[in-house]
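Right, one structure below, let's go through it.
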Amino acid sequence: MNRANVSLKSVRQILLPLMAILLPAALIGAAGEGQIEKTFDTTREPRISLNNVKGHVLVRGWGKAQVHLVYTVASPRLEVDSEILPNTGPAEKIHFETHLLDANLPGNEQVADYTLDIPTGASLEIRNPQGSIVMEGMQADASVQSVGGGISIRDYSGHLTVHSVAGDIEVIRPSGTVEAYSITGNLHFVSPATTKLHGSTTSGRILFEGDFMDRGDYILSAYSGDVDIVCPPSASYELSAKTLKGKVINTLPMTRRRESASPRGASNSLLGTHNTGKATVELTSFSGNIRIRPQD
Amino acid sequence: MEEGRYKTFAACSRFDVELEAYLEGEARPFIASHARQCGSCGALLADLQSIRQAARELPREEPSGVVWTKVRARLEAEGAFGLPNCSRFEDELEAYLEGEARPFILSHSQDCAPCGALLADLQSIREAARDLPREEPSRAVWANVHARLEAEGAFGVPVSGWRQILAWRVFPHAIPVGVLAALVFLGSVLTLPSSSIQSWGGADEAANSPAVVRVASAMPAGEDGALARVVSDLEGNFRANEASMAPDLKATYEKSLVSLDGSIQECLDSLQHEPRNTLAHDYLLTAYTRKAEVLSSALEFEGR
């Protein structure tokens, strides 16, 4: 009897600490291998910022006043820090930062992938120099920056400022103000419902697919890349298209006008009004072509 | 007799008039002389001086908060802090001018002449401003405004431009501080007339820099030379630090810089043939600005 009791006690003494270690590990494992999850209560409009080095960042807006973070790191010598303000109560400001614990960490081990579900009213600042960024369904202001990664943003209604040195930028169904800049990357705007859109790239191409809003201002500028506009025949806009070394090819009916103070140098330009000219569209390229054509 | 009574009455009246000023410290010799001649006025003066003396000797007591609250409430009720309607007018005026429905503004401006005059002035200024022709500032002006606002930290979220990268962690690093200063300088230079820049030799010095010798020969104006010098300085910093940069990141920056250098060179060639080609000049300024931004970004990320 005594021996049995001792034996049971011993087993319990061994198993309980073991379970204390194994259970969290099992829960983490259930979330996905190497995945770490964190949830923070926030206000409805917190400020969220993220500094990553390399990897994929996905940010989605949701209706909860919470930030739910899931991340994986490619190396134990990489860690993710979170800084939350204020210290108590719903967070008004959260900053996530990927830290290299070893400066000599090989490039392929510097990867941290993030998935963030955040309140739709949160303002965002994301920097992911060597990785891609995808954002969906947000309503507040955002600044998104990458160096080599592509950036894709869908259904965003705040003021959006997007920079990528070499990555492509895709903005789908934005309804706030949009500013998108790249050097060698392409810019792609799809179905914008925004009244202020500014896109600029040096050697990339610009493709705008959608309608122009009444009283909207659209400024698209490429250097050596082409600028393509594909819009419905019912679109109403005043057009200024200028290229120095390329061509302007327009296949939509246009009431042409002469510009009184035309900038010198635009060897190929088209100034005119399509339908009633409710929006203002300014397209420029130095050596690329500019094409305006109707949607099929 | 009658005349004497009249003189006495007149003197006492004068005493009454001047007494307050005398008690407040003004030099009024008549008061003292009349007090000596007139028993009743002398007694009044003596009483007042003794009261004042006694008051001076009283201990100083701070009234309770309740007393002050009551005093303030009473004063407010009497309009001592300004008319409540005028205060409300001031509070709502900005919103009204920005297009919000504020019926109180119109009704109060009809009842209150000063507020009505203020509203009329502001509306006439607004009308006059609307009639002004719309002028689009040059890129140079925007660049300067943008650089200065960024330098002053005027942009929170949303953040725009590579320069915010600097703002985030600018102080621990000397290079980004220099870059930021250079960008401010870049913006400033853009707004200066060409003659000013030429007077401090921007174009000549820029032309002497090895990094811009190739482009300097084609420079049409001093401001572009000064810009080239700023970009050249940034590029010098970049080259000095590029070894510590991650190889793939460095390759990305190199590719972008090649692209920008190509556009700068092409613009300069165009300007050499057509010095007044404004489109080429605009693109040149944009390319320099973009290059400065890319270099700033690269300097920030070096070592990562």
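Any read-out appearing in this document is the output of simple, stated calculations on the displayed coordinates, not a laboratory observation. Values in this document were obtained by computation on a predicted structure and should not be read as measured data. Please note: Cβ atoms are built from the backbone with ideal geometry, for glycine as well, and neighbour counts cover all protein chains shown.
Values for this structure:
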item: Chain A - share of DSSP beta bridges that are antiparallel (%, nearest 5); result: 25 percent
item: Virtual spin-label span in nm between B:LEU149 and A:GLU83, 7 Å along Cα→Cβ; result: 2.5 nm
item: Whole-Å distance, taken between Cα centres, linking the range B:11-45 and the range B:232-304; result: 87 Å
item: Charge dipole (chain A, unit charges on Cβ, about Cα centre) - positive-most of A:GLN66, A:SER240, A:PRO46; result: A:SER240
item: Long-range amide H partners of A:ARG154 with built H, under 5 Å; result: A:MET135, A:GLU136, A:GLY137, A:ILE172
item: Total charge dipole magnitude, the range A:34-129, about the Cα centre, Cβ charges on Lys, Arg, Asp, Glu only, Debye to nearest 20; result: 240 debye
item: Spatial extent of the range A:141-296: Rg and Dmax, with the Cα atoms as the point set, Å; result: 14.7, 43
item: About the Cα centre, charge dipole magnitude for the range A:137-288 (Lys/Arg +1, Asp/Glu -1 at Cβ), debye; result: 560 debye
item: Angle in degrees between helix A:2-31 and the longest Cα principal axis of chain A, rounded to the nearest 10; result: 0 degrees
item: Charge dipole of chain A about the Cα centre (unit charges at C-beta), most positive-ward option of A:PHE96, A:GLY288, A:MET254; result: A:MET254
item: Residues with amide H under 5 Å from that of A:ASN289, placed H, sequence gap 5 or more; result: A:ASP226, A:VAL227, A:LYS247
item: Given charges at beta-carbon only (K, R positive; D, E negative), |dipole| of chain A in Debye; result: 360 debye
item: Least to most buried among B:ILE51, A:ILE48 (fewest other Cβ within 10 Å first); result: B:ILE51, A:ILE48
item: Cα-Cα P(r), the range B:74-131, percent of pairs per 10 Å interval; result: 22, 48, 23, 6, 1
item: Inter-label distance for B:ARG36 and B:PHE9, nm, one decimal - labels placed 7 Å from Cα along Cα-to-Cβ; result: 2.7 nm
item: Calculated over the range A:168-239: convex hull of Cα atoms, volume per residue (Å³); result: 68 Å³
item: Ranked packing of A:52-64, B:19-31, most packed first, by mean Cβ within 10 Å; result: A:52-64, B:19-31
item: Helix-only CD estimate at 222 nm, as mean residue ellipticity for chain A, using -39500 (n - 2.57) per DSSP H run (n ≥ 4); result: -3500 deg cm²/dmol
item: Separation of alpha-carbon centers, the range A:169-215 and the range A:95-163, rounded to whole Å; result: 19 Å
item: Cβ crowding within 10 Å averaged over residues, with A:285-291, B:233-239 ranked highest first; result: A:285-291, B:233-239
item: Of A:LYS54/B:LYS250; A:LYS196/A:LYS278; A:LYS54/B:LYS291; A:LYS242/B:LYS255; A:LYS64/A:LYS93, pairs whose Cα-Cα distance is over 21 Å; result: A:LYS54/B:LYS291; A:LYS242/B:LYS255
item: Neighbouring partner chain Cβ atoms per residue of A:154-165, average, 10 Å criterion; result: 3
